[in-house]
Amino acid sequence: MPVWPAEVIAALRSAEHVAVLTGAGVSAESGIPTFRDALTGLWENYRPEDLATPEGFRRDPRLVWSWYRTRRLRVGTAVPNAGHRALAAMERVVPRFSLVTQNVDGLHERAGSRDVIELHGNIGRVKCFDCSRIPDRFDDTEALGHCGFCGGMLRPDVVWFGEFLPPLALSRAQEAALSCDVFLSIGTSNVVEPAASLPWTAARHGAVVLVVNTTDEGQRFGERIHHLTGLSGEIVPALLRAAWPDLLPI
Ligand code: APR
């Protein structure tokens, strides 16, 4: 196990507000490939612009629908890992806990996290391409779904390249970074804005920041930033136990 930076453990124990930003690395141990890694096999001849942009959807909605159905099926068989579960447990011991994710796989909710700020949406939901209504349910066996209200085509309720993030989710994430005592950045390459700036924002406002990643890539954010290299499914549960030794095993 890593040598815990004493400042991080003390700050977690006394924190009124802990904010967490997760990326694809948190779900890697559940077998969910990152977006770019997923472009393999049948999909290796496609570019992200073909499958994750409004233009790509307009060009070939059935192709995009099929791509997201493939990903939904993969996510449906995935199981939240110990990293997801540890974050759900941390939410229950911290007075205020903000979990911000760039992932669209819904594994945080399935691990028991109750209030997840989904910056990039969720592939388990669809919305109308024309009127943006979100149906309660949809038939995933169809080649392409249509809105029951306006008849428009249904698309995944995720943020595509070139689209704006959901304003409420973004403002909640930025407020969390501004007001937290501890900020944990877990399993993200920290390159896609505006999420990439959140750890900077937290550090500038005096939070203790810990970056957990399998590589030591990514920017170091300054003198108050700690970096632990390893698997989130190992480090996050161990961090939870180090900060709250009396907690029942997750
Ligand atoms: N534990 C911790 N970190 C891990 C693990 C793991 N088991 N496996 C991989 N990582 C790290 C990688 O080293 C990498 O830095 O997770 C990071 C994943 O980076 P990306 O694949 O870029 O995913 P993410 O940071 O979530 O990307 C942000 O970009 O691809 C778009 O919209 C997509 O939401 C995504 C956004």
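The values are calculated or read from the model by the stated rules, or taken from the named source; none is laboratory data. All figures in this text were calculated on a predicted structure; none of them were measured in a lab. Methodologically, a virtual Cβ is constructed for each residue, glycine included, from the backbone with ideal geometry; neighbour enumeration extends over all protein chains shown. Areas reflect the complete protein model, heavy atoms only, side chains present, ligands, DNA and RNA absent. Shrake-Rupley method; radii C 1.70, N 1.55, O 1.52, S 1.80 Å.
Below, the figures for the structure above:
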| read-out | value |
| --- | --- |
| Enumeration of residues in segment 22-41 that are among the hydrophobic types (A, V, I, L, M, F, W, C) and near the ligand (Cβ under 7 Å from one of its atoms) | Ala24, Val26, Ala28, Phe35 |
| Unmet criterion (only one of (1) buried (at least 18 other Cβ atoms within 10 Å of the Cβ); (2) within 16 Å of the ligand (Cβ to nearest atom); (3) under 13 Å from Val100 (Cα atoms); (4) not polar (S, T, N, Q)) for Pro194 | (1) |
| Every residue from segment 30-55 that is surrounded by 17 or more Cβ atoms within 10 Å (Cβ to Cβ), touching a residue at least 40 places away in the same chain (Cβ under 8 Å) and under 24 Å from His146 (Cβ atoms) | Ala52, Thr53 |
| Residue check for Val116: touching a helix residue (DSSP H, G or I) at 6+ places or on another chain (Cβ under 9 Å), within 13 Å of the ligand (Cβ to nearest atom) and modelled with pLDDT of 95 or more | no |
| Sole exception among (1) polar (S, T, N, Q); (2) surrounded by fewer than 22 Cβ atoms within 10 Å (Cβ to Cβ); (3) closer than 20 Å to Ile9 by Cα for Thr215, by number | (3) |
| Any chance Ala196 is in a helix (DSSP H, G or I) and more than 16 Å from Ile225 (Cβ to Cβ) | no |
| Members of segment 17-29 that are assigned to a helix (DSSP H, G or I) and open to solvent by less than 40 Å² (accessible area, probe 1.4 Å) | Ala24, Gly25, Val26, Ser27 |
| One residue from Gly121, Gly83 being closer than 28 Å to Leu239 by Cα, within 16 Å of the ligand (Cβ to nearest atom) and out of contact with any helix residue (DSSP H, G or I) (no Cβ under 8 Å at 6 or more places or on another chain) | Gly121 |
| Selection within segment 136-175 - among the acidic types (Asp, Glu) and part of a loop (DSSP other than H, G, I, E, B) | Asp136, Asp139, Asp140, Glu142, Glu163 |
| Some residue of segment 156-170 being open to solvent by 10 Å² or more (accessible area, probe 1.4 Å), modelled with pLDDT under 95 and touching a Lys or Arg at 6+ places or on another chain (Cβ under 7 Å) | no |
| Residue ID - nearest to the ligand (Cβ to nearest atom), chosen from residues in segment 42-55 that are within 22 Å of the chain's Cα centre (by Cα) and assigned to a helix (DSSP H, G or I) | Pro48 |
